[in-house]
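Beneath this line is the structure, given in structure tokens, with notes to follow.
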Amino acid sequence: MDKTYQPNAIEQQWYKTWEENGYFKPSGDTQADPYCIMIPPPNVTGSLHMGHGFQESIMDALIRYHRMQGDNTLWQVGTDHAGIATQMVVERLLAAEGTTRHELGRDKFIEKVWEWKEQSGGNITRQLRRLGASPDWSRERFTMDDGFYKAVQEVFIRLYEDDLIYRGKRLVNWDPKLHTAISDLEVLNEEEQGHLWHFRYPLADGSGHLVVATTRPETMLGDTAVAVHPEDERYQHLIGKAIKLPLANREIPIIGDDYVDREFGTGCVKITPAHDFNDYEMGQRHNLEMINILDADANLNNEVPEKYRGMERFAARSQVVDDLDALGLLEKVEPHTLKVPRGDRSGVVIEPWLTDQWYVKTQPLAEEAIKAVEDGSVNFVPKNYENMYFSWMRDIQDWCISRQLWWGHRIPAWYDDSGNVYVGRSEEEVRQKHNLGDIALRQDEDVLDTWFSSGLWTFGTLGWPEDTEELKTFHPTSVLVTGFDIIFFWVARMMMLTLYFKKEVPFHTVYVHGLVRDSHGQKMSKSKGNVLDPIDLIDGIDLESLVQKRTSGMMQPHLREKIEKQTRKEFPEGLAAYGTDALRYTYYSLASTGRDIKFDVGRIEGFRNFCNKIWNASRYVLQNCDGHDCGQDGSGDFELSLADRWIISQLQRTEKAVREAMDNYRFDLASQALYDFIWAEYCSWYLELSKPVLWDDAASPAVKKGTRRTLIRVLETVLRLAHPMMPFITEEIWQKVKDLAGQSGDTIMLQSYPEADEHRIDTEAEAAIAALKQVIEGVRNIRGEMKISPATKIPLILRGGSAEDRQNLDNARALMIKLASLESVSWLNTGESAPASATALAGDVELLVPMAGLIDVAAESARLQKEIDKLGKELSRVEGKLKNPKFVDKAPEAVVEKERGKLAELQSAQDRLQQQLEEISKL
RNA sequence: GGGUGGUUAGCUCAGUUGGGAGAGCGACGGCCUUACAAGCCGUAGGUCACAGGUUCGACCCCUGUACCACCCA
């Protein structure tokens, strides 16, 4: 083995081996429990960001964990066609080529999209492989696959036939740039600085005017009422009268509606039912006329006076303001902060716009979806996300599923010239079913919302509507791993559609993880220039390339300089190559229950070092086991030392802790337990404890064999324990140790996952090693504080302690000498006087390090005094507690007893240190 | 305005029936000790946001306040 861990030398090669050997496929064992995860399909044209890396790492750990437990495990991958996002990307490419999709035509455009998909669609899956993900690649799916389209179409048709899909003219969120409706969830409402304009609206009878306040003056051309609060004394008497609407020169009524906020603006609100969601509802209540004044580009249409026709909306805004001002009708303008709706893809201001769209009646579907969570058929982890789910589901609106795009699942509906709608699987089917002969039919131009199709993901990808074996085996799936930001978008939709069509839940558990942010807690985004590419963390990247990457293709070039500066400051050396295992381990360590996950490069470095630690510990183990009898033949002629029994005992506890954490989705706790065991117990102590045995020519062959056997077997076990979290390094080393550990098999991936054996928990050995550690740590403390060079071997004198202490420490004499770097160890008999020494305590045993020539009296006094003070503080706390009669009376006997024991211990320790202090003070 | 999460060492975070505050990174001091300097040994550092309450006992349970973040209106 190399002296240092080189991730790039092992990772890709093992991945290839695994994939070629088909290890990722389900075992097909029908006796075993099925376990299945469906990947949340990433956008096909996208690339893997830190959030994906985090999510895929978690799924892979779960999958590998269950696969090793013998479950029939399926992890199915795939990508989403992502209607708007993909169409935008391809349109941008076309623009660069100097053409547009309209010039190309629909069919040609779709061909172009497929070409693009072929070209870039592999990006995500390549990156997934680099992360060590182990999905069944042979079952990879795409939401635009033929088979999947069949499921999508079937769902649409059945919902239509069951009266759960309808077509209606409603206000939708219209994106005037992308020319499509988008859902509420794709609209971002951000506060922006705007204005509040106050206009005078003259009363029709000429008796005066009302002042209305608005943030959108241009819509006044579509006003069809002015509303006041019915109990507002200022305006009450005007209800029923009319306004002569300026510029448009129409008469509109003044109405009373308690929706009006008396405090806002002037208390008079202009009502534009065709261009505002609240006004729309008020329009319904009062039967108001709806005047649509915008076209699809959000330019003014022919419903407005000649002068404004064809004007862009914001130009029209200033024109309207100017014209009203010229008429003396502009009362005032004040600055105003308002929430502006913007499309999350296009960034332009969204218009509420009246169009014909397809809707799903969600209420009946939502009821079932709520029930499934209430009755525990589906569990959220952490639990509190259920509230978020409920609150959204209980207040759900009908779902607009049509999109005015070309890329997506075309709606299976046809119209005749009289405007009748026919829904069916094909034009032929529709003609036949409705006896249409050869009248002209045209298919609906629109496609379905991407989330409509991804709502079918769990069962649509398993072959539904056919009743396939896969569907029977793996559905409902086991767990969905997702970010909380997608609960509404996706989880809710899957719940509704799956329950309706499969009459069962899509998954039993929803594990909701946090969102990965940068080390300052900022969201990672291209425009902030703080994105990290998981692949760069794996392979490393030099500073210049990183700067180049972060500043290229920027939407806002003016940020370039800032980003460059910030990047050079934060990563002056670029990024080192940390390898996949270190990256994954970092993800797990961060996967606690919080919502924000701050990713600090310092963490990943620490885990790369951890990998190196495992690597080097394995080198040591192999150096000492290779070519020796380690009991790999199953022979029993070995003897386990105290240290062997201790590390085996600790291993059982670790196995238990790791399993428990994994079962509860606490990857942070699992990774921590493993880290502690490997580094702090196995490497720092056990490996060191093994040296005096292996290097001692006098040690018996049986004990040496016991030590080798333990060294190699604990290592082999811990590799299996760690494999789901760090697949590559564990495989690489496992291949080298498996034979010596008496194991066989082609890959660690398919070995059994370690399970604790309670019988091997050995409290006796644990106590003995704890005592030994105390002695060694006591001596090290003296050495460290007294600045005695590690090279100087020092004598140690022991005093006091029970017979058992003496027995245990005598047995461990060789270990003590090596680990504390001693010259000698001896016991002081009662009555024998001790030389002037530095002192420490290990339980009841006093440790004396003779001071001759070694120790500075003042320093030693100070050190003792510090210890005494520390004990004193603790002592007075315990004393206070025990002097309190309420505590002694009311606390459980065991607790009181424990405190009494503690008191005695502290007292005796303090006494002895005090005595020592006095002794050296005499010098 | 409604809701959710958070506030623990300089930084990032654990702390699961209420019974002696932990880790990693960083800091400081000492070491190339035959697996590892990507390392080893030692040390320092916290009124657990604040104020009440319950309890013999509160980082933990209850109430309120402040601040931060996010979601919804």
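The values are calculated or read from the model by the stated rules, or taken from the named source; none is laboratory data. Fair warning: this is a prediction, and the values are worked out from it, not measured in the lab. Every residue, glycine as well, gets a Cβ built from its backbone with ideal geometry; the counts of neighbours run over all protein chains shown.
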For this session: Enumerate the pairs (first residue in segment A:324-348 and modelled with pLDDT under 80; second residue anywhere and within 16 Å of RNA strand B (Cβ to nearest atom) and part of a loop (DSSP other than H, G, I, E, B)) with beta-carbon separation below 8 Å, excluding pairs fewer than 6 apart on the same chain, so at least 6 apart or on different chains.
Result: A:His336/A:Thr215; A:Leu338/A:Thr215
Exercise. Do you know which of the residues in segment A:70-122 that are surrounded by fewer than 16 Cβ atoms within 10 Å (Cβ to Cβ) and of a type in the set (Asp, Glu) is nearest to the chain's Cα centre (by Cα)?
Worked result: A:Glu118
Problem set entry | Complete set of residues in segment A:129-143 that are hydrophobic (A, V, I, L, M, F, W, C) and either at pLDDT below 90 or surrounded by fewer than 22 Cβ atoms within 10 Å (Cβ to Cβ) (or both) | A:Trp137, A:Phe142
For this session: For segment A:743-751, state whether one or more residues are out of contact with any Leu (no Cβ under 6 Å at 6 or more places or on another chain) and either among the small types (Gly, Ala, Ser) or within 16 Å of RNA strand B (Cβ to nearest atom) (or both).
Result: yes
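Yes or no, residue by residue, for (1) more than 23 Å from A:Val172 (Cα to Cα); (2) at pLDDT 85 or above:
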{"site": "A:Gly376", "(1), (2)": "yes, yes"}
{"site": "A:Lys383", "(1), (2)": "yes, no"}
{"site": "A:Asn387", "(1), (2)": "yes, no"}
{"site": "A:Met393", "(1), (2)": "no, yes"}
{"site": "A:His409", "(1), (2)": "no, yes"}
Seminar exercise, completed: Among residues of segment A:732-791 being among the basic types (Lys, Arg) and not in a loop (DSSP other than H, G, I, E, B), the residue nearest to A:Leu689 (Cα to Cα) is A:Lys773
For this session: Filter segment A:258-288 for residues that are modelled with pLDDT of 85 or more, among the charged types (D, E, K, R) and in a loop (DSSP other than H, G, I, E, B) and give the result.
Result: A:Asp276
Problem set entry | segment A:580-599 residues that are over 18 Å from A:Glu56 (Cβ atoms), paired with ones that are part of a helix (DSSP H, G or I) and near RNA strand B (Cβ under 9 Å from one of its atoms) (beta carbon under 7 Å, 6 or more apart) | A:Ser592/A:Asp668; A:Arg595/A:Phe484
For this session: Look through A:Pro506, A:Pro476 and report the one residue that is away from RNA strand B (no atom under 14 Å from the Cβ), buried (at least 23 other Cβ atoms within 10 Å of the Cβ) and either among the small types (Gly, Ala, Ser) or modelled with pLDDT of 90 or more (or both).
Result: A:Pro506
Seminar exercise, completed: The helices (runs of 4 or more DSSP H) lying entirely within segment A:305-410 that contain at least 3 residues which are under 30 Å from A:Thr45 (Cα atoms) and in contact with a Pro (Cβ under 9 Å, 6 or more places away or on another chain) are none
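Conditions (1) among the aliphatic types (A, V, I, L, M); (2) crowded, with 17+ Cβ neighbours inside 10 Å, marked per residue:
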| position | (1), (2) |
| --- | --- |
| A:Asp518 | no, yes |
| A:Ser527 | no, no |
| A:Pro534 | no, yes |
| A:Leu543 | yes, no |
| A:Thr551 | no, yes |
| A:His558 | no, no |
| A:Ala591 | yes, yes |
| A:Ile597 | yes, yes |
| A:Val621 | yes, yes |
Problem set entry | Of residues in segment A:852-904 being near RNA strand B (Cβ under 10 Å from one of its atoms) and not in a helix (DSSP H, G or I), the one nearest to A:Ala834 (Cα to Cα) | A:Asn884
Seminar exercise, completed: Selection from segment A:184-225 of residues farther than 18 Å from A:His275 by Cα, outside any strand (DSSP E or B) and of a type outside the set (S, T, N, Q) yields A:Leu185, A:Glu186, A:Ala204, A:Asp205, A:Gly206, A:Gly208
Exercise. Considering A:Leu913, A:Leu906, A:Leu875, which residue is closer than 26 Å to A:Ile817 by Cα, buried (at least 16 other Cβ atoms within 10 Å of the Cβ) and not polar (S, T, N, Q)?
Worked result: A:Leu913
Exercise. Does at least one position in segment A:669-688 carry a residue that is touching a residue at least 40 places away in the same chain (Cβ under 8 Å), away from RNA strand B (no atom under 11 Å from the Cβ) and either crowded, with 24+ Cβ neighbours inside 10 Å or closer than 30 Å to A:Ser57 by Cβ (or both)?
Worked result: yes
